[in-house]
Amino acid sequence: MYELNEVPWAIIDWYVARRPESNIACILKCSRSYTTNSTDQGELHPWVTWPTLHRGVNNTVHGIEFLNQDLTEASAFPPLWETAAAAGKKVGVFGSLQSYPVPQNQTYAFYVPDTFAPKPDAYPAKYEALQELNLRQTASDGGIVSSVKIDRSVFSNVVRLFRVGLSIRTVFRIAKQLMRERINPAYKTRRAVFQAPIAFDVFLHAFKNNPPQLSTFFSNHVAGMMHRYWKHGLQNNKSDHNPDPVRAGNIEFAMDVADEQIGRLRNLADRTRAQFVILSSMGQAPIERRGGDQLRIEAIDRFVSAIGFHAPYTSQLAMHPDFNFSFEANDHAELFAELVKKVKFPDGRPLAYKVNVSGATVNIGVAQPRSSTGEDFISIADSEKEVPFVQAGLRRFARDIGTAYHIPEGIMIWYDAESKPNMSRSNIDSRAIRSQILAAIGIDEPQSYLNFEKENLVA
C-alpha cells in the first residue's frame, strides 16, 4: 500500500499529461482505477480519513479527530495491520498515520510509526535513527523552514541511516537542494519533499531484509506542495500570483519523487508477484483563501503559563496550525481546554478556532492574527489583562497563501499483473477498502465487521 496522501485524480491527470512516459502513466494502463470517497463528518483531515480507511468505519464510530489522541475508544475497530498480524500474516508498517505506538503483543516484519509520534520507537530498533530525524524535523518545522544545523546528533543520525538503507544518491540530492537554497531562497519551499526519499530508502531496506505479506508506506510530500502551490502550477490565469518558476514547479517536482518510487515498487511487485495499491484517503481541490500572517505557539511553556494552567502536561507533535497536549488526568485536560477557550485576540475572536478533548488529550487550532502588528497581544480568561505575543510564547510569521484544501474524493490504483485493467474510476467508499486489502492476503473480515458494514456502509 503506497499511501500517497491527499492526491486527487486532477493531479494524476495533470501530471500524466506533462509526463506521458512516466511510471504513473504506464501503471494506469494496466491497473484497476477507483475514486475513493470519505464519509467522515466535519472538517476533513488526513489523521481522520486514514483511520477510516484502515479501520473500516468513519469518525462517527472510531472517534479519531486529531494526532496523538487517546485511541482507547477506537480499539474496538483496529487498523487493518493489527488484524492482519493477529491472523498470523507478516506485516510491515511504515509511516501510516495514527500508527503509534509499536504494538507489543504482535510480531511484525518492521514497524515505523508516523512522523508525529511522541517517541522515536520503531521495530527493529535500528530504524529509530529515521524516527529521530523525522521527529526532530517535524518539531522544528511548524510551518517555518529553519536553517539547517549539522550538529553531532544530526551527524550521528546520518551515519546510522547509512546502515539502514540511506543511499548516496539521496544524500547528493539533498546536498543539491541545500546549494540551490543558498543561491535562491525560494527553493526552501521544496525542503519538506526530501523527507520522502530518505524514508523510502529506509523502507526498501526494511522490506528487502524481511519481506512482508502486507506493507504500508505513507508519504505527505505531495500534499504539502498542493496546499500551497496548486494555483502557482496548475491555474491557467496566473495574474493572481507573482510569477515564480520555483513555486510553479513544486507540485511537479514532488510528483517526480512519487513517480520514481512508484516505478521501483511496481518492479518489486512484478518480481515478487505482489499486488501493488496506490491510494489516498481523500483529495484536494483549489480554493480561494485570504492571505495574511500565520501564528504559531513557539514557546509552549510560556503559553501554558500565560493562560494560567499549572498542572503537569506534555506537548505532542501536530501539523500547524494544530497543537496537541496530553495530561496526567482527564480533568486536567478539561481544565486546560476551558482556559484556552477564554483566550481572545484584541478584536474579540478566540485564539483557538477549535478545541477538542479526548480523554487526557487536547487538540487546539490556532487562528490567524489580524494584519496589524500593533495588535500583537491576547487577553487571558475573563480579565482585561493583555499579554504580548512574545510573553505568551506566540510568534507571527509569513507563509505562502493556501491555494488548495481537502475534498472527500481520493484515488485508488490497484496494480495486479494477473488482473484485467479497468480505468473506469468507479466510486468506492473508503470504509470498504480495508476488507479488499485483507482479502488480497487471504483474510476474511471478522463477522462483527461484516455485520457493521451491512448495516452502515452506503453503496
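Structural remarks
- Cα-centre dipole for the chain with unit charges at Cβ (Lys and Arg positive, Asp and Glu negative), debye to 20: 1740 debye
- Of all DSSP beta bridges in the chain, antiparallel share, percent nearest 5: 75 percent
- Counted charge near S22, where neighbours are those whose Cβ lies closer than 14 Å (Asp, Glu -1; Lys, Arg +1): -1
- Compactness check for region 294-397: Cα Rg over 2.2 N^0.38 Å is 0.99.
- Sequence-distant contacts, meaning Cα pairs under 8 Å at least 6 residues apart, place the relative contact order of the chain at 27 percent.
- Over 22 Å between alpha carbons, listed pairs K231/K344; K89/K119; K90/K126; K119/K208; K29/K176; K126/K208: K231/K344; K89/K119; K119/K208; K29/K176
- Extension gain (nm, one decimal) between A76 and Q177, 0.36 nm per residue minus Cα-Cα: 31.9 nm
- Paramagnetic reach from A381 (point 7 Å along Cα→Cβ, amide N under 12 Å) across region 290-320: 306-310
- Estimated Rh, region 87-128: Kirkwood, alpha-carbon pairs, angstrom: 10.4 Å
- Neighbour-count ranking [beta-carbon atoms within 10 angstrom, fewest first] of V362, V158: V158, V362
- Other residues with beta-carbon under 13 Å from the beta-carbon of A440 carry, at +1 per Lys or Arg and -1 per Asp or Glu, a net charge of 0.
- Cβ-Cβ FRET estimate between S156 and K119, R0 fixed at 22 Å, reported to 0.05: 0.80
- Extension gain (nm, one decimal) between S140 and N330, 0.36 nm per residue minus Cα-Cα: 65.6 nm
- Charged neighbours of P8, selected by a Cβ distance under 13 Å, balance to -2 (K, R count +1; D, E count -1).
- Modelled FRET efficiency - R0 35 Å, K354 with D301, Cβ distances, 0.05 increments: 0.95
- Gyration tensor analysis over the Cα atoms of region 1-75 returns equivalent ellipsoid semi-axes of 31, 12, 11 Å (largest first, whole Å).
None of the figures in this text is laboratory data; all of them are computed from the coordinates on show. Remember, predicted model here, so these are calculated numbers, not experimental data. Heads up, the Cβs are rebuilt from the backbone with ideal geometry, glycines too, and the neighbour counts pull from every protein chain shown.
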